[in-house]
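Engineer: Sending over a structure as C-alpha cells; questions will come in a sec.
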Amino acid sequence: MFLIDCPYCKESRDQNEFSPAGEAFIARPQNPEELSDDEWADYVFYRTNHKGDHWEQWVHTNGCRKFFLVKRSTISHEILEVAAFGEVTSENKS
Amino acid sequence: MRLKNHKSDYIDQSEALSFIFNNRSYKGYKGDTLASALIANDVLFFARSFKYGRKRGLMGSGVEEPNALVSLEIGGRYTPNLKATEVMLYDGLSAVSSSNPNSLDFRALIKPLHRFMPAGFYYKTFIKQKVWAMVEDSLRALSGFSKAPTEKDEDLYDHIFHHAEVLIVGGGVAGITAALEILNNSKTTRVILVDERAHLGGELFNEFKSDDTAISWHHDSVNKLLEFKNVANSRLKLLSRSTAYAWYDHNYIEVLQTNATGESMVSGNTQVARKVLHKIRTKEVILATGAHERPMLFETNDLANIMLSQSVRRYLNEFGVISGKDVILYGNNDSIYGTAIDIKDNEINCKVIDVRASGSESEIVLKAKKLGIEVLQGYAVLKAHGTNLVKGIEISKVEMQGKKWKLSGSSKKLNCDLLASSGGFNPVVHLDCHCGAKTFFDEDSQAFLPQKERKNRQVCGSISAIGFWKDAVIDAKK
Amino acid sequence: MQKKYSWYSLLKAGLGNQEWDQAIPLSKPKSKYDVIIIGGGGHGLATAYYLAKECGITNVAVLEKGYIGGGNTGRNTTIIRSNYLRDEASSLYEHSMRLWEGLSEDLNFNVMFSQRGVYNLGHTLQDMRDIERRVNANVLNGVDAVVVDHKEIKEQIPIINTSKNARYPIMGASFQARAGVARHDGVAWGFARAASNLGVDIIQNCEVIDIEVEEGRVKGVKTTLGDIMSDRVGCVSAGHSSVVAKMAGLRLPVESHPLQAFVSEAMKPILHTVVMSNAVHGYVSQSDKGDLVIGAGIDGYNSYAQRGSAKIVEHCAAAILELFPIFSRVRMNRQWGGIVDVCPDACPVISPTKIEGLYFNCGWGTGGFKATPGSGNVFAHTIAQDKQHELAVPFHIDRFTSGALIDEHGAAGVAH
C-alpha cells in the first residue's frame, strides 16, 4: 500500500486515491502512416516491463485527477522520484 | 490444578465464571484463558492428532499453541479453530474440541499400519482417476479440524485509520521502554503501542517473585504510560489484545484488535464491535515482538503434558495453575532453571536435566542447586514413556565429540507427570519479513535474527536474542 | 529408475522396512544438452516431460533458480477448467483438460485431480448474456458447459447467499462439471519425477544470468552454476519472462503484476465445488485438507516483489463474504502474492522468436495452472519440431503484429 506524493497536490496520499497508468515515456509515433506493422506492435503492445527502477505513470483518480510520472523500484516498491509531465522526459530521466 | 495461596495480579478469584467444555461444566476465574481454567480443573486432553487421532495436551500458553484447537459457541456466534490458550474466559462460555479426545476415534486403529503409510502416501496411492474420484470425498471428511460455521455472523466489526510517527509492536519490557523513551524525549511524536496480551509487560511477571526491582519497574513504567495516555489529545495509543498481522509497503500496517472471542456483544440497545481492524500508517516501526520458545526433540515428545518450559512458568505465575505434581525440566539453556525455581517455590517436586555438561555454571544454576533442586548435567532425554500422558522418561549421559553428540553409559528411567522443555528461543521475525526484509542465522544465539539495517525500522529486546529483561531495557533505550 | 508407485510397492516397502528412494533425483548440470528449459515450474517440468515422452528427446535440462514448483505453481489456487470463449483458447484448454483426466496414471503420481465442478456466477443481465454466449460456444466446441439459474445454484450449494437483497444478487451461473482442482505441489513433483525417470536433468538453485546468441541463433546459457550449451532453449519463466527475454535482447508483449491469494484454517468439508465471480471479484474452493482457498485480483502496477496491496485482499474478502456470509468468523491462515505475466489479450504466447532455437511460453497471466499439461505438451512439440504444434499456432507472438488477438478477458476469470 503505497504512499504517493502527488506532484500537483503536493501531498503524500494513500495508494487508494491513485490508479496506475502504465509504463512512462511511450511516445505516440509522429509519423503513423509510415510505420511498419512491427513498429506499431512495438508501440501498442510491447513493454520493457523492467525489473528494477522503473518510470511509470500514475493518475490521482480520487484527487486532482491529473496524470504524473513516478520512478519506482519494481523490486522493493520504493518510490524514488515523482514528477509532473515535462519536468522529466525520456531524454533527461535519471 | 490450581495452587492454593497463589497471588496473581491477573486472576480475580472473587469472580468465579462457569463454562462448558466438551459437554461438561467447569468453573474458572476472571483473567483465566480457557486453557488455564481447564488446567485448573485437571483437564489434560484438548484434542486429537490429525492422522492417527492420538490424544493431545497443551504445549504452549499463547499464540504458539499447536494442539488445543476448539470451536466456540453455536449458531451466529459459532467460531471454528480457536486456540484455547487465546480464548479469554467469560461466564457461560461453551467450547468443543475440534477433535474430541474423549469420544471413540477409529483413527487409532490405523496406527499399526503406519509402516505402510510413508511420507507422500496419497501421491503414491489412488493413482487411477476413477478410484481417486470414488475415495476423495471420504478422505476429505477425515481431514479438517473444527466444523465449518453454518449460520450468519451476528456480530459487528469496525475499522479505524491511524497515523503515527512511531508504531511499536510488542508491549513487553523492550516495547514499554521504547515507548517511554520516545514520549519523554519528544513533545510531538505520536506513538502506537500494540500488544497481543490483555496486560502490558510480556514475560516480565515471571521475574516478580524473585526480583522486587522488576515489580517496581513494571508498576512505574505502566503508570507512566497511562499518564501519557490519560490526557487530552494524548500522543499515545495503547492497543491490547491486538495482533499486527500484516506489514505492507511504505509502512502501512494492519492490526486486528479482539474485543471478544465468543461472548455476546449485545447489551440492551447497544452492540459493540467484536473485532476492530486498525489501519496504521507510520513513519517508523519498532519491533519488540520477542521470541518463541523451541521444544527439545526426542522420541514420542508429542504425549500430553510435554510442554514448553516458559509456558509452564506462565501458567504457574500468571494463572496459578500447573498440570503436574512431579515435574522434570529439560533443556539446553538457563531459562529452565527459572521455571524450576518457581515450581520449587510452590513446593512441587521438580528435577532439571540439562544437556550441557557441568562446569562454568551461571548464577541461576547455582541458585537452583542451592535450593535443593536435583540437577542432572550432561544428560539427554531419549524417549518419553506413557500411552497418552507422559509417565516417565528415559535419559542417558551425552557428550560432544567433535561436532556430534554421542551417548555414553547406559540409559536410565525417571518418573514424571509433566515434562517442560526449552531448546532455546526463536525471535519473532515474521512481521519483519512481510515486506521484503531477510533474516540471517546467528551462530551465537543459534537462531534466525532480523536483517540488521532496514529503513524506518528498529528492533529491540529478545527479537534480537536478548534474554535478560534489564538488558532489554538498555537495548530499547538506544 | 525409480520404484513404481503402487499398493504393491507400498506393501513391499512396508514389510521390508525399506527406505524409499528420493522421489525426485536432482542433478548437476552437464556442459551440453539437446534442449534447455529455463524455469522449473509446472509448465517447464511438463515441457521437459513431454519432450522426453512424446518427442524422444531425453537429453534435457530444466534449470530452476530456486526450487521446483516454488513460483506460481506453488502459489496458485489450483482451479482447472476449459470453458473459454474463443475457439483457439477453448481448444487449447480442452486439450489440457483431457490430459488432466489421465494425468495421475500417466505420471504414476496422484496429482489429486478432483472434478468437483466450477460455477462462474453472473450478477447482472449482461453477465448472464455473456455466460449464455460462452456456454453456447463451449457446447459447439465440445466442451461440457451448462447455464444454471439461481435456484439450481442454491440447491447445489446451500450455503451460498442467493438472496435478492444482496448487494449484487446472483442471477445464475455457467457450470462445467468436468472442471475442478488439483494438488498444485503434486503436479510439479509428479512431472519432475516422471521427467527425471525418463532421463531429464532437474537442476535447482541454478539461475540463468545470460543467454548466448550468435548470428541470430541461440548457443547456450550462462548460469550461476556455469555455462551450459544447447542450440534449443525454451523459456517458461512466467513473471520473469521479460527479464529472460532481455538477456536475448528481446522485448515481450507482457507486463508483470502481483496476484494475491489466501487460505483459511482447515475445517470439515462444507464447500464441495468451486465458485468464481468476476463481478464481485473473488473465487473460492475448499481443499482436500479442509482450508478455504481464496483467490484475489491483480494490482494494476508492475512488480517483481511477490506481494500486493491490502486493498485487493480486503476487496476480495468482502466479495467472498457477500457470497458466503457464514464464513465471516473463519480465520485466514496464510496470504501471499506471486508475479504473473499478463498479455494484452489475456491469452498466452507459445511461440518461436526472432532468434533461432529460442522459444517462449509465457503470458499465461492469472490462469496458467489449469493449462499445465496442455501447455507443456504443445510447447514440447513446438520445440522438438521447430514448428508450432497445431493448437499453439494461434498463440504465435506475431499475433500482436498481425492483429489476430484472441480476446479472452471475459473468460479469463481475473480481470486483467
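The values are calculated or read from the model by the stated rules, or taken from the named source; none is laboratory data. All figures in this text were calculated on a predicted structure; none of them were measured in a lab. FYI the Cβ positions are ideal-geometry reconstructions off the backbone, even for glycines, and counts take in every protein chain you see. Please note that ligands, DNA and RNA were not included when accessible areas were found on the heavy atoms of the full protein model with its side chains. Shrake-Rupley method; radii C 1.70, N 1.55, O 1.52, S 1.80 Å.
Engineer: Which of the peptides B:278-288, B:123-133 is most tightly packed, and how do the rest follow, going by the mean number of other Cβ atoms within 10 Å of each residue?
Structural biologist: Averaged packing, sorted descending, gives the order B:278-288, B:123-133.
Engineer: Using the heavy atoms of the protein chains alone and a 1.4 angstrom probe, what is the accessible area of chain C per residue in square angstrom?
Structural biologist: The answer is 36 Å² per residue.
Engineer: Expressed in nm², what is the orientationally averaged projection area of the convex hull enclosing the Cα positions of chain A?
Structural biologist: 6.8 nm²
Engineer: Sticking with this structure for a sec: Can you tell me the accessible area per residue over region A:3-83, all protein chains present, probe 1.4 angstrom, in square angstrom?
Structural biologist: For region A:3-83, the per-residue accessible area is 53 Å².
Engineer: Round to a whole number: what % of the accessible area of region B:1-154 belongs to carbon and sulfur, probe 1.4 Å?
Structural biologist: Reported share for carbon and sulfur atoms: 55 percent.
Engineer: Keeping all protein chains in place, calculate the accessible area per residue for chain B (probe 1.4 angstrom), answer in Å².
Structural biologist: Each residue of chain B exposes 47 Å² on average to a 1.4 Å probe.
Engineer: For the protein assembly as shown, with the dipole built from +1 on Lys and Arg beta-carbon atoms and -1 on Asp and Glu ones, taken about the Cα centre, which of B:THR289, B:ALA16, C:VAL342 lies farthest toward the positive end?
Structural biologist: Farthest towards the positive end: B:ALA16.
Engineer: With a 1.4 Å probe and all protein chains kept in place, how much accessible area does B:HIS163 have, in Å² rounded to the nearest 10?
Structural biologist: 120 Å²
Engineer: Taking each pair of different alpha-carbon atoms in region C:300-416 once, compute 1/r for the pair, average those values, and report the inverse of that mean as the Kirkwood hydrodynamic radius in Å to one decimal.
Structural biologist: One over the average 1/r among Cα pairs gives 16.6 Å for region C:300-416.
Engineer: Heavy-atom accessible area of C:SER91 with all protein chains present, probe 1.4 Å, nearest 10 Å²?
Structural biologist: Spelled out: C:SER91, probe radius 1.4 Å, area about 50 Å².
Engineer: Measure of size requested: the Rg and Dmax of region C:290-362, with Cα atoms as the atom set and Å as the unit; please supply both.
Structural biologist: Spelled out, the Cα radius of gyration and Dmax of region C:290-362 are 17.3, 56 Å.
Engineer: Okay, next question. At what distance in nm do the modelled label points of B:SER186 and C:GLU132 sit from each other, each positioned 7 Å from its Cα along Cα→Cβ?
Structural biologist: 6.2 nm
Engineer: In addition: Find the cysteines in chain A that fail to meet the 4.7 Å Cβ criterion with every other cysteine, and list them.
Structural biologist: So, A:CYS64.
Engineer: Defining a contact as two alpha carbons under 8 Å apart and six or more residues distant in sequence, what relative contact order in percent does region C:147-240 show?
Structural biologist: Averaging sequence separation for qualifying contacts and normalising by length gives 14 percent for region C:147-240.
Engineer: Could you work out what % of the accessible surface of region A:3-83 is carbon and sulfur, using a 1.4 angstrom probe and leaving DNA, RNA and ligands out of the count?
Structural biologist: 46 percent
Engineer: Quick one: dipole size for the protein assembly as shown, taken about the Cα centre, charges +1 on Lys/Arg Cβ and -1 on Asp/Glu Cβ, in debye to the nearest 20.
Structural biologist: In debye, rounded to 20, the protein assembly as shown gives about 2700.
Engineer: Next up: Report for chain C the percent antiparallel among DSSP-assigned beta bridges with both residues inside it, nearest 5.
Structural biologist: About 70 percent, rounded to the nearest 5.
Engineer: Can you work out D for chain C in µm² s⁻¹ from Stokes-Einstein, where Rh is the Kirkwood radius over C-alpha pairs, the temperature is 20 °C and the viscosity is 1.002 mPa s?
Structural biologist: Roughly 98 µm²/s, to the nearest whole number.
Engineer: State which helices in chain C qualify, where a helix is a whole DSSP H run, it must extend 15 Å or more along its own axis by its Cα atoms, and its mean Kyte-Doolittle hydropathy must be at least 0.0.
Structural biologist: C:310-323, C:372-385
Engineer: Here's a follow-up. Could you compute how much accessible area chains C and B hide from each other, both sides summed, with a 1.4 Å probe? Nearest 100 Å² is fine.
Structural biologist: That pair of chains buries around 4300 Å² in total.
Engineer: At 222 nm, what value in deg cm²/dmol follows for chain B if DSSP H runs of at least 4 each add -39500 (n - 2.57) and the sum is divided by all its residues, to the nearest 500?
Structural biologist: Only helices count here, giving -5500 deg cm²/dmol.
Engineer: Between chains A and C, what is the buried accessible area summed over both chains (1.4 Å probe, protein heavy atoms, nearest 100 Å²)?
Structural biologist: Using a 1.4 Å probe, the pair buries roughly 2300 Å².
Engineer: To continue, here is another question. I'd like to know which of B:ILE192, B:ILE39, B:LEU180 lies farthest towards the positive end of the charge dipole of chain B, counting +1 on Cβ of Lys and Arg and -1 on Cβ of Asp and Glu.
Structural biologist: Working it through, the farthest residue towards the positive pole turns out to be B:ILE39.
Engineer: Moving on to the next point. Provide the solvent-accessible area of C:SER9, counting protein heavy atoms only and rolling a 1.4 Å probe, rounded to the nearest 10 Å².
Structural biologist: 10 Å²
Engineer: A follow-up question, please. Give the whole-number value, in cubic angstrom per residue, of the convex hull volume spanned by the C-alpha atoms of region B:1-154.
Structural biologist: 146 Å³
Engineer: Projected onto the charge dipole of the protein assembly as shown (+1 at Lys/Arg Cβ, -1 at Asp/Glu Cβ, origin at the Cα centre), which of B:LEU167, B:GLY423, B:GLY386 gives the Cα projection farthest towards the positive end?
Structural biologist: Toward the positive end, the furthest listed residue is B:GLY386.
Engineer: Are there any residues in region C:274-303 with a reduction of at least 40 Å² in accessible surface when going from the isolated chain to the assembly of protein chains? Probe 1.4 Å, please list them by number.
Structural biologist: Residues losing area: C:ASP288, C:TYR301, C:ASN302.
Engineer: Summing -39500 (n - 2.57) over the DSSP H runs of n ≥ 4 in chain C and dividing by its residue number, what mean residue ellipticity at 222 nm do you reach, to the nearest 500 deg cm²/dmol?
Structural biologist: -8500 deg cm²/dmol
Engineer: Figure the gain on full extension for B:GLU165 and B:SER210 (residue separation times 0.36 nm, minus the Cα-Cα span) and round it to one decimal in nm.
Structural biologist: That works out to 12.5 nm of additional length.
Engineer: Continuing with the same structure: What does the net charge come to around B:LYS51 if you take all other residues with beta carbon closer than 10 Å to its beta carbon, with K and R at +1 and D and E at -1?
Structural biologist: +4
Engineer: In the protein assembly as shown, what percentage of the DSSP-assigned beta bridges are antiparallel, given to the nearest 5?
Structural biologist: That works out to approximately 65 percent antiparallel.
Engineer: For the protein assembly as shown, what percent of Cα pairs sit more than 53 Å apart?
Structural biologist: The proportion of pairs with Cα distances above 53 Å equals 22 percent.
Engineer: Nothing charged except the Cβ atoms of Lys and Arg (+1) and of Asp and Glu (-1): what's the magnitude of the dipole of chain C about its Cα centre? Round to the nearest 20 debye.
Structural biologist: 900 debye
Engineer: Continuing with the same structure: For B:THR289, what is the net charge nearby, where nearby means another residue's Cβ is under 13 Å from its Cβ and Lys, Arg count +1, Asp, Glu -1?
Structural biologist: Its environment carries a net charge of -3.
Engineer: Under a point spin-label approximation (7 Å from Cα along Cα-to-Cβ), what is the C:VAL393-C:ASP210 distance to one decimal in nm?
Structural biologist: It is 3.9 nm.
Engineer: For chain B, what is the Kirkwood hydrodynamic radius in Å, using each pair of distinct C-alpha atoms?
Structural biologist: 24.3 Å
Engineer: I need the per residue convex hull volume for region B:295-423, using only the alpha carbons, in cubic angstrom as a whole number.
Structural biologist: 99 Å³
Engineer: Continuing with the same structure: Could you tell me the center-to-center distance, by alpha carbons, between region B:294-322 and region B:77-103 in angstrom?
Structural biologist: 20 Å
Engineer: Okay, moving on. Can you compute the charge dipole magnitude of region B:295-423 about its Cα centre, using +1 on each Lys and Arg Cβ and -1 on each Asp and Glu Cβ, nothing else charged? Give it in debye, rounded to the nearest 20.
Structural biologist: Here the size comes out at about 400 debye.
Engineer: Greater than 18 Å separation of Cα atoms is the criterion. Which listed pairs, B:LYS351/B:LYS412; B:LYS344/B:LYS370; C:LYS30/C:LYS65; B:LYS4/B:LYS209; C:LYS53/C:LYS370, meet it?
Structural biologist: Going by Cα-Cα distance, C:LYS53/C:LYS370 fall outside the 18 Å limit.
Engineer: Based only on the alpha carbon positions, what is the Kirkwood hydrodynamic radius of region C:132-238, in angstrom?
Structural biologist: 19.3 Å
Engineer: How big is the gap, in Å, between the Cα center of region C:261-290 and the Cα center of region B:159-180?
Structural biologist: 35 Å
Engineer: Moving on. For region C:238-318, what does the equivalent ellipsoid look like in terms of its semi-axes, each the square root of 5 times an eigenvalue of the Cα gyration tensor, given largest first in whole Å?
Structural biologist: Computed over region C:238-318, the values are 31, 14, 11 Å.
Engineer: Carbon and sulfur: what percent of chain C's accessible surface (1.4 Å probe)?
Structural biologist: 51 percent
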